[in-house]
1. Could you list log10 I(q)/I(0) for segment 80-214 at q = 0.09, 0.12 Å⁻¹, which the Debye formula gives when each Cα is one point scatterer?
2. Between VAL257 and ARG295, what is the label-to-label distance in nm when each label sits 7 Å out along the Cα-to-Cβ direction?
3. Across segment 168-302, how large is the tail of the calculated P(r) beyond 18 Å, expressed as a percent of all Cα pairs?
4. In nm, to one decimal, how far is the GLU138 label point from the GLN97 one, both placed 7 Å along Cα→Cβ?
5. Kindly provide the Kirkwood hydrodynamic radius of segment 3-91 in Å, to one decimal, from all pairs of distinct alpha carbon atoms.
6. Sorting ASP137, ASP51 on the 10 Å Cβ count, fewest up front, what's the list?
7. What is the local net charge at LEU172, summed over the other residues whose Cβ is closer than 12 Å to its Cβ (Lys, Arg +1; Asp, Glu -1)?
8. Just to confirm the number: angle between the C-alpha axis of helix 138-147 and the first principal axis of the chain, 0 to 90 degrees, nearest 10?
Amino acid sequence: MSEDLRTLTLLDWLENDLLLTITAFQPASSDASFRRYFRVSTPDGPLIVMDAPPEKENIPAFIKVAGLLAEAGVKTPTIFRQNLEDGFLLLEDFGSQAFLDTVTTTAPEHFYQLAMTSLFTLQSHASEQTPSLPRYDEALLKRELGIFSEWFVGQWLDLDPPLAIVNLETLLISSALAQPVTCVHRDYHSRNLMVVDSDTLGVLDFQDAVLGPITYDLVSLLRDCYIAWPPAQVAQWLSHYHQRLRQAGLIDADLAVFSRWFDLMGLQRHLKAIGIFARLHLRDGKSGYLKDIPRTLGYVQAVTAAYPELAEFDHWLRQELLPTFQRCQATFMETGQ
């Protein structure tokens, strides 16, 4: 079904099936998936409609995880009505004050404390209610790391992955599986948080939640692909969150071990993200994400340089991958290809 036809079908559902009086209908946002969001104005207030083609998006998972997180005390959008056949959901509107925009224009400390409190709620309460979620197991971790080699290294840069990547993957997977298991949002970052009011954050894009490593969402938030903070600030937030987890009995690792988990988990996530950004450009024509690769590669470089066991991969990264990436980036800026 074409986007135009889907929009007509969506409006028909809202007006004729749900009997809503619509005074305005406009795009609210889109993301890296096939989902689209529209803001609907009605006499009773604004609503959000999610358009998620059922052959491409898992709407039942969205509904299930929304319920689990809401029961745990995480603020997710209320689902007012659903149309599983066509792939439409009518949702609560969290407004238009995005977390990313807020922390770039005001002092970030208060909002990051809110974000970490919401994450702590997810990890301390949602984990007790989500035994049916998929596991972030070795197969999934390995498959995600493969996205970097296939799409960024191979498809875009036209390089062969180094032999050192085998040892790298083994180290990252081993570190991830050694961590305490908790509910993992999997995309807990600045673009998926909304400022509902001065003391409340709404959480979006949670449908891919799994049970997995306890540092995954924290590194997604603090070493965000879309905004970077000074390492000293990240270290301070990390230390405070570590203390909170220890006091709650969710971990018994000391700060050094926790920081190593955090670094290596971030390396896994950032390699995956770089591969996804390249795939979005090459396969889906969504080239806007290419601008986020340098920031994300910066996180990768910082970690590979800090760990002696990653020296071989770090050497390849600096001697081969980075120069090739810079040439491809320059070509894209000149030609758009």
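Nothing in this text is a laboratory measurement; each read-out follows from the coordinates by a stated rule. All figures in this text were calculated on a predicted structure; none of them were measured in a lab. Cβ sites come from the backbone with ideal geometry, for glycine too, and all protein chains shown count toward neighbours.
1. -0.40, -0.69
2. Placing both labels 7 Å along Cα→Cβ, they lie 3.3 nm apart.
3. Values: 5301 of 9045 pairs.
The answer is 59 percent, as a whole percent.
4. It works out to 4.8 nm between the two label points.
5. Working: mean 1/r = 0.0739 Å⁻¹.
The answer is 13.5 Å.
6. Numbers: ASP137 15, ASP51 20.
Going from least to most buried by this count: ASP137, ASP51.
7. On the way: positive: LYS142, ARG260, ARG269, LYS272; negative: GLU138, GLU144, GLU169, ASP263, GLU309.
Every neighbour counted, the sum reads -1.
8. Compared with the principal axis, the helix lies near 90 degrees.
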